[in-house]
Every structure is written in C-alpha cells, then in structure tokens.
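Below is one structure, written out as structure tokens; the observations come after it.
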2 protein chains.
Amino acid sequence: MAGFLSVAGLSSVLRPALKLCNLNMRSHSKSREKRVTIKDIAKVAGVTHGTVSRALNDSPLVKVETAKRIKRIAKRMGYRPDRIAQSLKRRRTKTIGLIIPDILNPFFATITHGVEEKATELGYHVILVNTNRDLVREASEIKLLCERKVDGLVICPISYGSAKHLRRFKNESPFILLGSNMPGLVVDYVVSDDVQGAYLATTHLIDLGHRRIAHISDPSNTSPAESRTTGYKKALLERKIRVEENLVVPGGANIDSGYNAAGKLFEMPDPPTAIFAANDLTAIGVLALAKERNISVPEELAVVGYDDIEIAKYVEPPLTTVAQDKRRLGRLAVQLLCDKLNSQEETDIHQIVVQPTLVVRASSRTASKSVLNLSKVTVESPSS
Amino acid sequence: MAGFLSVAGLSSVLRPALKLCNLNMRSHSKSREKRVTIKDIAKVAGVTHGTVSRALNDSPLVKVETAKRIKRIAKRMGYRPDRIAQSLKRRRTKTIGLIIPDILNPFFATITHGVEEKATELGYHVILVNTNRDLVREASEIKLLCERKVDGLVICPISYGSAKHLRRFKNESPFILLGSNMPGLVVDYVVSDDVQGAYLATTHLIDLGHRRIAHISDPSNTSPAESRTTGYKKALLERKIRVEENLVVPGGANIDSGYNAAGKLFEMPDPPTAIFAANDLTAIGVLALAKERNISVPEELAVVGYDDIEIAKYVEPPLTTVAQDKRRLGRLAVQLLCDKLNSQEETDIHQIVVQPTLVVRASSRTASKSVLNLSKVTVESPSS
DNA sequence: TATATTTATACACACGTGTGAAAAAACCAG
DNA sequence: CTGGTTTTTTCACACGTGTGTATAAATATA
C-alpha cells in the first residue's frame, strides 16, 4: 500500500489492469473475447461505473486527476463504448435513414454521396434504403427505420402517394423531403426549382429556332415531374407557341423509356425538331434511338436532358442538360435535418429551393453556332 | 357496462386501453407522444411485462389465448418494438455495414444495390459508408461500425493496406471482402476472376490482329488491379507478344484518369493500336480524348474496358468490356455473411470466385467484321 | 474545534426488452 | 382432499450506459 503513494496514481493503474487481463484470457481460447465495459474499468480503477461514465464523458463532477487516470485505464484495456447501450440511454442513435427510389440512377447515387458525406461530418451514420420505386416498401421501411430509432430521415419520395405514410410517421422521427415536396403537407424540404430548370431548357430550344419541341415527361406523380412539365409549357406559352398535348409523351427515369418514347415521337407524321427530356437517362435513350435511325443530333434533332449526371458530358453528342448540384442537395438536406434535431423548436419549418443552371453542350448546338446570352447558362466547350 | 360483457373478451381490452389513451394525452398537447412499451401493454392486459414479451415473441410458455389477447391489445395501442432495446438484449442489431470506396462509380453503386437488396430480403438494414478511397477513414469507420455492433461487414477494400485494420477487427464483427481479397489474410471473400477477365479482353484484341496493345492499369494496390494486369500480360505471353512495360500506364477509377493516360499513350512515337483499360470509366476517358483528337474508334484504335457499367453500351462507340454481375456479387456477399452469422462454426471460410464474361461492342469491332468464336463471349448487336 | 461550504464519489434507478427460475394456478390420479 | 404433475404467470435480474441524489471527503469559514 505504501508503495502506491510514491508513484501517485500510476501504480494503481498498472497492477489491477494486468490482473483483469488474466481474467479475460480465461475465455474459450480461440473464440471471441469478451467486451470491456465501463464496469470492468470501474473494477480496475477502484471506483463505481457511474464515475467511469462521468469521467469518459468529461463531466465536471469528477476530479480531473481521477478522470485522467480512468481514461488511461480505459485506453489500456482497449475500452470501446457500446453505441447501442448509449443509444438506448441517450435516446438518440446518431443515425439517419436515407430512402431513395433507385440507387442505380446516378442522380440518386450522387445525392447519396452528399448525404453520406455531410452525415459523416456531423457524426451520423446513414442507413440506406433503396425502394425500387415501391410505395409499399417505402411505407414499411419508414416504419422500420422509426422502430430502429433513427434520429431523422431524408426521403426522396416516389410519388404524392407517399404523403399518407409521411403524415403517419411525422411524430416519430423528423424528416426532410429531398427532391420532391408534397402538396398539402407542411414539412421541411430541399428541392430544386424545377419549373425554372425546365423553363431554361425549353427557352434555350426556342432561342435556337425550334418550334416543334416535344417533352418526354416523367410520369411519376411527383413535384419535379409536374414542375418540369409546367416549366416546359410556361416557356412555350410565353413565346406564343401552341402547346400540343401529343408532343408530351411519358417516359421514365431510365434509358429504355427514353428510347421507347423517342420511337413514338419519330413515328409522328410531323415529328418534333427538338426534345426536352425530364431526365438525362431518358435523353440518352433518345440519343441511342436517334443514332440507330441515323437522325443526326443536333442538326436534325436537338436534345436536352435534365440532372447533368456525370456521363451526360461523355455521351455522343455531349448532352445539353439542366444541372442540379446533387451533392449539395444531399448535404443541405442533412444539414437541415440535423439543425432541426439540435433545436427543440419543432415549430418553424424550412423549405429550401435551389436554382438549377442550364449547361449547353453539343446535343443542342451545332459546332458553329454559339454565343448565347442567357443568364444562368453555362456553355461548355468540348475541350474544356 | 353490461353491453360490454356480451362480447366476451373484447371488453377487457377496450376499457383499459381507452383509459391509457387518456393518460398519454396529458403530454404537451402538440409535442411528440410518448411511445407505447411492453410495460404499458402489461398494465392494460393485467399481466407482467415479461409475459407480454413472451407473448409477442410467440413463446410456448404463454397460453395461446392470453397471447392472442395481448397481441390484440398491443395492436390496438399501436405498439411498435424498440429495436435498440431489442438489440441490446438480443445481442444482434440486424444491421450490416457496407464500406465502399466510391459510390459515384456505377460499379459500386450497383454492388450497393445488390447488397441492400439481399440484406432487406434477409431482414437486415445496411449502414452505408463511402470512404472516398481514404484508408484512414476506412479504418476509423470499421471501428465505429463495430462499436455500433453491426452484425457483420461487407468491405470493398481500397488497398492491401486495409489488411492491417481488418486483422485488428477480425474478432469484433465478422466480415466479407468484396471485389478484392487480401494476400496473407485468410478470410471470406467474393471476387471476380480478374485474371481471366483481363485475359479474355486482351486475347480478344489479339484475335482482332492487334500487336501493340496498351494497358491502362488501376494503380491501386488491390487484387483486381494486380490481377487485371496479370491477365493482360498472360495473354500477351501466351501469344508470344513481347510485354512492353511502357505500354502499361497507370490510370484510376474515373473518366479523367483515362483521358490523361490516353494522352500519354497517343504521344508515344509508336502509339498502340489498342487499349485495354482496367475500368470502364477509364475507357470512356480514352474514348473522349480519341474523339477530341479525331482518332476513329475502332478503326484506328480499339478500346476495351472492364466492369460493364450500364452506360458502357450508350457511349460512342459502344464499349467492349468485361462484364461482372455486380448485383450478384453484392447479393452473394451478403448471403455469405448471413450464413456465417447464423452458423456458430467460425472455422470454415468461404471464398467465392465468379467468372466474368466478355461483351463485344463496337469499340473493338468494325461493323463488318464479326463472327468470333470464343467461349464466354457475348456479342451484342447495337439494335438488340 | 465546530460548522458551513464546496467537491468528489457512491448508490440506486432508469432506458425497453428478454429470460431463467421461483411461484402460482390448473389439472390429474388416487 | 392430498400429493404430484404440468401449465401459466410472476419475480427479479440482465444487457451497457447515463444521471439525480445521497453520502462522504476535502476545504473554507467562523
């Protein structure tokens, strides 16, 4: 005992620690070793687990000297907190759920990137759920994630039909809608100004001299789908061009749908000279069919997409498209969500609308023509 | 009161339930309502929470009649289990961690798709971690996921350097390597036969008459990177073509790296007539530069990629590539992992090697030439 | 020295669920 | 009705952590 006092603190650390090591070694030789808990540390340090808990959480209630000693012991014993137990007690899991319809779509992959990145920065983990556009699954997963006590949810809704589930789980976990909002549901969301984006795209085509401009719409029942069609029509109306409903055909968020929709348009007696697709993948499908039919783009047909996914610039010809900063959208959503989590004020809601920009590439512009003067337009040269 | 009794059994359910509803209503009017726990159910049902727990888990220790009654009450009260508390007690979270280097690469996005899909089927949730190829982050995240008590991990390693961390956490959570294995580390993995894939690709180019075949390698220190270079050289050696080390230039898993690497190759006094890129994105970069320099593909330069990501078929010209069933790889990894979790035998390890196939498209074949007769080769017509 | 005041630690309960073992209830044979 | 057997429920503790309060120790004040 007397010896202890001389080295003050250190000795009392080392000896019992070694003792406990031996205790642990007694477990089934090759099998998994038992986890070190704060109780084990307490035993070694000669204090109660309560004190250890406080020490590790830097509570001012424990003497700094003791705290240091306990932390040393904890480190030496290889202590690592059990996040599950913490979650149960602290009533937050530091986890958010991300629900997206289709991870294979680069649009959502990039959003996921932004979400994961920001979440990590803020100390959260992301549970990823890919619904494959299944509304039933979306609902059941929201439920499951709530049971799992995620602190919040970022949801990219599939359709207005989601509103029903959302309303139901509103009080369970706070959530942010991403990419699409819900009419009649007062919630936080981060969206892009899709009306404006579609308006820019269509106006661009009109400026190039096109009058028969088709639109391959997104048939999903969501706000971006609706808004893009709205923006398209708005541009036409504003320029006194008649909106022909048969020039608006439904597509989908994949390449095949564009291919098929283009087929219908090409078959028309008086086919369009330009196509505005609600989605880059759809637009790529259009390009694929155009090539197959030897329809030269942009000379015989101008094509504009939406989203500016990475490959848009590498398809042939490079695709003019409306760019959304998808990564930023994801980051914003998480930021918003976590702000909400950290402020008890449940009252004020935030709704962020991000402005898209038009990126002009070769699919809507012959090599010679150029010099556009629209605001919010980026013109990319192929060699930049 | 009397009316209730006639319905035998229902009455005892309804009345106390309503009572409790009132109790809950007393919370701050608009704020979050208190969760229903098994104790609440117990109070209403007039039993202990232990019995409720057993009833809800279909334990044979509770009378079926009682169990039914309890379940009815639970449903009526809107009970939903607290998965965190369950996890703490049951010692498993029904969660797996997925660690990937780059979600923006469609290759990993598709793997993620497969992993999430299979995990859902088996009742697991997936925590997604995107490391951005940061080895330090990979290590710290493995640690964090272990603290979170994920039941297992699926890891797409960034480099052999990962082995260090992996060894360290081997006893914490079981894991499966996906896409790349680790020499000197005896663990379960699911990989593709990359030597064979690269061999197929290179042989294909040789069969087309090419002799100066460059290889844009993946400079990462991983088994697929190594193996693809190995397969490339193996094919050359087998056909008695000298391996020129300066025809092997490093790339990376993105478009720019291919663009840059192609630049170096084109600059050579005696440039290659064919390029085998270790990655589709890299190959797409090659195509981009070739177009810029007016080098026609495949006439002046044949290009072959690896992975067969979705857009490979839509770039110009459509890209010949080595196809891996990425979704299947992801599903297999999860299947393997969960098998491991459900069998206590920690002894036997499983190592699955999936065979890739060559998909021939226009980037390595002129429209006229065709009729190849290699086994494991798919020839896609542009219109299929 | 005794008392008030501050500081540090111990104690005990809590989070929501699961479970072995004791206790109670129901059933059965004599 | 007794004693034994089986079925059903209760009791009490556990998982690993956090935290309010009581208690003990150290320090300051009178």
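Points to keep in mind about this one:
- Kyte-Doolittle mean at least 1.6, axial Cα span of 27 Å or more - DSSP H helices of chain B: none
- Ordered by solvent-accessible area of protein heavy atoms (1.4 Å probe), largest first, the residues B:134, A:280 come out as B:134, A:280.
- Amide hydrogen neighbours beyond the local backbone of residue B:154, cut-off 5 Å, H modeled: B:97, B:98, B:99, B:176
- A label point on residue B:256, set 7 Å along the Cα-to-Cβ line, lies at 3.5 nm from each of its counterparts in the other copies, closest listed first.
- Label-to-label distances for residue A:66 across copies, nearest first, come out at 4.5 nm, using points 7 Å from Cα in the beta-carbon direction.
- Chain B holds its axis-closest Cβ, relative to the rotation onto A, at the residue and whole-Å distance B:316, 1.
- Annotation: aspartates and glutamates with alpha-carbon distance below 17 angstrom to residue B:233 (same-chain offsets under eight excluded): B:193, B:194, B:207, B:218, B:244, B:245.
- Contact surface A-B: accessible area buried, both sides summed, square angstrom, 1.4 angstrom probe: 5600 Å²
- Tensor-based shape of region B:188-313 (alpha-carbon gyration tensor, a/c under 1.5 rounded, otherwise prolate or oblate): oblate
- Normalised per residue, the volume of the convex hull around the Cα set of the protein assembly as shown (Å³): 231 Å³
- Surface share of carbon and sulfur [accessible, 1.4 angstrom probe, percent] for the protein assembly as shown: 53 percent
- Here the extension length gained between residue B:185 and residue B:89 equals 31.3 nm, from 0.36 nm per residue of separation less the Cα-Cα distance.
- Sorted from nearest, the other copies put their residue B:90 label points 2.4 nm away, the label point being 7 Å from Cα in the direction of Cβ.
- C-alpha center-to-center spacing [region A:312-340, region A:257-303] in angstrom: 24 Å
- Cβ-derived FRET efficiency at R0 35 Å, residue A:328 paired with residue B:349, nearest 0.05: 0.20
- Cα-projected label distance for residue B:76 with residue B:239, points at 7 Å along beta-carbon direction, nm: 7.7 nm
- One quarter of the surface of the convex hull around the alpha-carbon atoms of region A:158-215 equals 5.1 nm², the direction-averaged projected area.
- Ordering B:199, A:259 by accessible surface, largest first, gives A:259, B:199; the 1.4 Å probe counts only protein heavy atoms, with every chain in place.
- Residue pairs, from the table A:143/A:164; A:291/B:326; A:264/B:313; A:39/B:94; A:143/B:43, whose Cα atoms sit over 19 Å apart: A:291/B:326; A:264/B:313; A:39/B:94; A:143/B:43
- Rolled with a 1.4 Å probe across the full set of protein chains, the surface gives residue A:143 an accessible area near 80 Å².
- Interface residues of region B:64-83, defined as those with an accessible-area decrease of at least 40 Å² between the chain by itself and the complete set of protein chains (probe 1.4 Å), are B:80, B:82, B:83.
- Accessible area in the full protein assembly, largest first, 1.4 Å probe, for B:58, B:325, B:308: B:58, B:325, B:308
- Inter-label distance, nm, simple model (7 Å from Cα along the C-beta direction), residue B:221/residue A:133: 4.4 nm
- Beta bridges assigned by DSSP with both partners in the protein assembly as shown are antiparallel in approximately 10 percent of cases.
- Computed over the Cα atoms of chain A, pair by distinct pair, the Kirkwood hydrodynamic radius stands at 24.3 angstrom.
- Distant-in-sequence amide H partners of residue A:302 (H built 1.01 Å from N, under 5 Å): A:274, A:275
- Accessible surface, region A:206-359, averaged per residue in Å² (probe 1.4 Å): 42 Å²
The values are calculated or read from the model by the stated rules, or taken from the named source; none is laboratory data. Please read all numbers here as calculations on a predicted model, not as lab measurements. Note that each Cβ is placed from the backbone with ideal geometry, even for glycine, and that neighbours are counted across all protein chains shown. Heads up: the accessible areas ignore ligands, DNA and RNA and are worked out on the full protein's heavy atoms, side chains in. Shrake-Rupley method; radii C 1.70, N 1.55, O 1.52, S 1.80 Å.
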